[in-house]
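Reading through the C-alpha cells given below for one structure.
The values are calculated or read from the model by the stated rules, or taken from the named source; none is laboratory data. Please read these numbers as outputs of a predicted model, since none were measured by experiment. A quick note on method: Cβ atoms are made from the backbone with ideal geometry, for glycine too, and the neighbour counts reach across all protein chains shown. For the accessible areas, the whole protein counts, side chains as well, though only heavy atoms, and no ligand, DNA or RNA atoms are used. Shrake-Rupley method; radii C 1.70, N 1.55, O 1.52, S 1.80 Å.
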Amino acid sequence: MTDQDKAPQQAPLTLREMLQSVLAAALGVQSGKNRSRDFSRGKPSHFILLGVFFTALFVVVLLGAVKLILHLATG
C-alpha cells in the first residue's frame, strides 16, 4: 500500500494541520473533532517539537517586545 492509496482519514497530519492544532492548544480552543483527529493520526513527537518551538518563539517575541518598549521609554 502506497501513501496515495491511504484514505484521507489514515493519512498522517500535514504540517499546517499540526501547526493549527498547536496554536489552538496554546489558546485553549481546540475542537473535539480536531483533538480526536490529532490523537488518531498524529505523532506525539511532532506535537512536542512544535510545542517547544512555538513556546521558544513566543518567549523570544515577548522578550523583544519588552526590550523595545524599555528602550523607547528610556530613550
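Report whether or not residue 23 is assigned to a helix (DSSP H, G or I), open to solvent by less than 100 Å² (accessible area, probe 1.4 Å), modelled with pLDDT under 95 and not charged (D, E, K, R). Here the answer is yes, as residue 23 does meet what is asked. Of all residues in region 49-75, those that are part of a helix (DSSP H, G or I) have Cβ atoms under 7 Å from Cβ atoms of residues that are at pLDDT below 95 and of a type in the set (Val, Ile, Thr), 6 or more apart or on another chain, in 50/22; 51/22; 54/22.
If you go through region 16-59 and keep only what is over 9 Å from the mean Cα position of the chain (by Cα) and of a type in the set (Asp, Glu), you end up with just 38. Residue pairs whose Cβ atoms lie under 9 Å apart, separated by 6 or more positions or on different chains, with the first residue in region 3-29 and under 29 Å from residue 55 (Cα atoms) and the second at pLDDT below 90 and surrounded by 10 or more Cβ atoms within 10 Å (Cβ to Cβ), are 12/6.
Restricting attention to region 32-46, the residues that are open to solvent by less than 50 Å² (accessible area, probe 1.4 Å) and either aromatic (Phe, Trp, Tyr) or in a loop (DSSP other than H, G, I, E, B) (or both) add up to 1.
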